[in-house]
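I have placed the structure first, in the form of structure tokens, so that the comments after it can refer back to it.
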Amino acid sequence: MSDTWALVHTERRALVDDLATLEDERWDEASLCPGWTVHDVAAHLVDNARTTTPRLVLAMARARFDFDRQNAEGVARERGRTPQETLARLREVAARTSGPPAPRASRLVEEVVHGEDIRRPLGIEHTYAQEAVGRALAHQLRTAVGLGGGRERVAGLTLRATDAGTSSGSGPVVEGPALALLLVASGRAVAADRLRGPGLAELEARCARG
């Protein structure tokens, strides 16, 4: 299998390339993350790439251990005065191997899911490495929603990735491309239009509940 960091770095550089041709005004468009613009998500990616365990502990203490506040403060810190300044920062961190104290596969979730949070509203299509999507999906299926995963959303359902030949779980089937499964498991119901199966209505309902 490819090294996880190599996959992460490939996706970071691909996002930099996609954003390099984006008009400045489009950075203000809403992302798939509620309340965050494309610019905000890009800044969040910079912040997470620069995170180390000591830096995270300090940031959480400053945010009074409020995770949402800590994320918002990180965005404010790393968001440049202009889109081009933020893009330069994203380019600078593309090869970093630091991040929050979490399983390394969570970095793939970060790059793929947030990559789609940015690209989908902008109408940008990107082909991700199947291995990156597969590892990210496997991580989300075993990680609790409270920790950023999707385990409770998919409990009692069978998720079948038709383009990867993989299946996980038991119960009513939801099937489709692995990327769409990853996004819906991560709470992005917008990708449900690529899925089908008797378990889809239940999965969509769970996404709507958060």
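Hey, among the residues in the stretch 186-199 that are buried (at least 19 other Cβ atoms within 10 Å of the Cβ) and in contact with a strand residue (DSSP E or B) (Cβ under 7 Å, 6 or more places away or on another chain), which one's nearest to Leu122 (Cα to Cα)?
Leu195
For the stretch 75-86, enumerate the residues that are touching a residue at least 40 places away in the same chain (Cβ under 8 Å) and either crowded, with 16+ Cβ neighbours inside 10 Å or outside any helix (DSSP H, G or I) (or both).
Kept after step one, since they are touching a residue at least 40 places away in the same chain (Cβ under 8 Å), are these residues of the stretch 75-86: 79, 82-84, 86.
Arg79, Thr82, Pro83, Thr86 - these are the residues of the stretch 75-86 that are touching a residue at least 40 places away in the same chain (Cβ under 8 Å) and either crowded, with 16+ Cβ neighbours inside 10 Å or outside any helix (DSSP H, G or I) (or both).
Give me the pairs, please: first residue somewhere in the stretch 129-145 and touching a residue at least 60 places away in the same chain (Cβ under 8 Å), second residue anywhere and not in a helix (DSSP H, G or I), beta-carbon distance under 7 Å, and either six or more positions apart or on two chains.
Close Cβ pairs (under 7 Å, with a partner that is not in a helix (DSSP H, G or I)) amount to Glu131/Met1; Glu131/Ser2.
Quick check on the stretch 160-176: of everything there that is surrounded by fewer than 17 Cβ atoms within 10 Å (Cβ to Cβ) and within 18 Å of Val112 (Cα to Cα), which residue is modelled with the highest pLDDT?
Per the criteria, the residue is Asp163.
Does the stretch 41-50 contain at least one residue that is more than 16 Å from the chain's Cα centre (by Cα) and either in the same structural domain as Gly187 (by TED's automatic domain parsing) or not hydroxyl-bearing (Ser, Thr, Tyr) (or both)?
Step one: list which residues in the stretch 41-50 are more than 16 Å from the chain's Cα centre (by Cα), which gives 50.
If we keep only those that are either in the same structural domain as Gly187 (by TED's automatic domain parsing) or not hydroxyl-bearing (Ser, Thr, Tyr) (or both) as well, we get 50.
Looking for residues that are more than 16 Å from the chain's Cα centre (by Cα) and either in the same structural domain as Gly187 (by TED's automatic domain parsing) or not hydroxyl-bearing (Ser, Thr, Tyr) (or both), one finds at least one in the stretch 41-50, hence yes.
On the given criteria, is Trp36 under 25 Å from Arg104 (Cβ atoms), of a type outside the set (S, T, N, Q) and touching a strand residue (DSSP E or B) at 6+ places or on another chain (Cβ under 8 Å)? It would help to see each step written out before you state the result.
Details: under 25 Å from Arg104 (Cβ atoms): yes; of a type outside the set (S, T, N, Q): yes; touching a strand residue (DSSP E or B) at 6+ places or on another chain (Cβ under 8 Å): yes.
Yes.
Before we move on, is Val93 buried (at least 16 other Cβ atoms within 10 Å of the Cβ), at pLDDT 95 or above and within 14 Å of Gly115 (Cα to Cα)? Write out each step before concluding.
Details: buried (at least 16 other Cβ atoms within 10 Å of the Cβ): yes; at pLDDT 95 or above: yes; within 14 Å of Gly115 (Cα to Cα): no.
When the stated conditions are applied, Val93 does not pass them.
Yes or no, residue by residue, for (1) among the small types (Gly, Ala, Ser); (2) modelled with pLDDT under 95; (3) in a loop (DSSP other than H, G, I, E, B):
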| residue | (1), (2), (3) |
| --- | --- |
| Leu7 | no, no, no |
| Arg12 | no, no, no |
| Trp27 | no, no, no |
| Ala42 | yes, no, no |
| Val57 | no, yes, no |
| Asp68 | no, yes, no |
| Glu73 | no, yes, no |
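For the stretch 30-37, check the following and say yes or no: at least one residue is of a type outside the set (A, V, I, L, M, F, W, C), assigned to a loop (DSSP other than H, G, I, E, B) and under 15 Å from the mean Cα position of the chain (by Cα). It would help to see each step written out before you state the result.
First pass over the stretch 30-37, keeping only residues of a type outside the set (A, V, I, L, M, F, W, C): 31, 34-35, 37.
The next check asks that each one be assigned to a loop (DSSP other than H, G, I, E, B); those that pass are 31, 34-35.
Adding the requirement that they be under 15 Å from the mean Cα position of the chain (by Cα) leaves 31, 34.
Looking for residues that are of a type outside the set (A, V, I, L, M, F, W, C), assigned to a loop (DSSP other than H, G, I, E, B) and under 15 Å from the mean Cα position of the chain (by Cα), one finds at least one in the stretch 30-37, hence yes.
Just to be sure I understand, how many residues within the stretch 150-159 are in contact with an Asp or Glu (Cβ under 9 Å, 6 or more places away or on another chain) and surrounded by fewer than 21 Cβ atoms within 10 Å (Cβ to Cβ)?
Quick first cut of the stretch 150-159, residues in contact with an Asp or Glu (Cβ under 9 Å, 6 or more places away or on another chain) only: 156-159.
Now restrict to residues that are surrounded by fewer than 21 Cβ atoms within 10 Å (Cβ to Cβ): 156, 158.
Residues that pass the stated criteria total 2.
Mind listing whichever residues of the stretch 171-201 are part of a helix (DSSP H, G or I) and among the acidic types (Asp, Glu)?
At the first step, the residues of the stretch 171-201 found to be part of a helix (DSSP H, G or I) are 178-185, 189-194, 200-201.
Correct list: Asp193 only.
The values are calculated or read from the model by the stated rules, or taken from the named source; none is laboratory data. Just so it is clear, the structure is predicted and the values come from calculations on it, not from any experiment. Cβ atoms come from the backbone with ideal geometry, glycine included; neighbour counts cover every protein chain shown.
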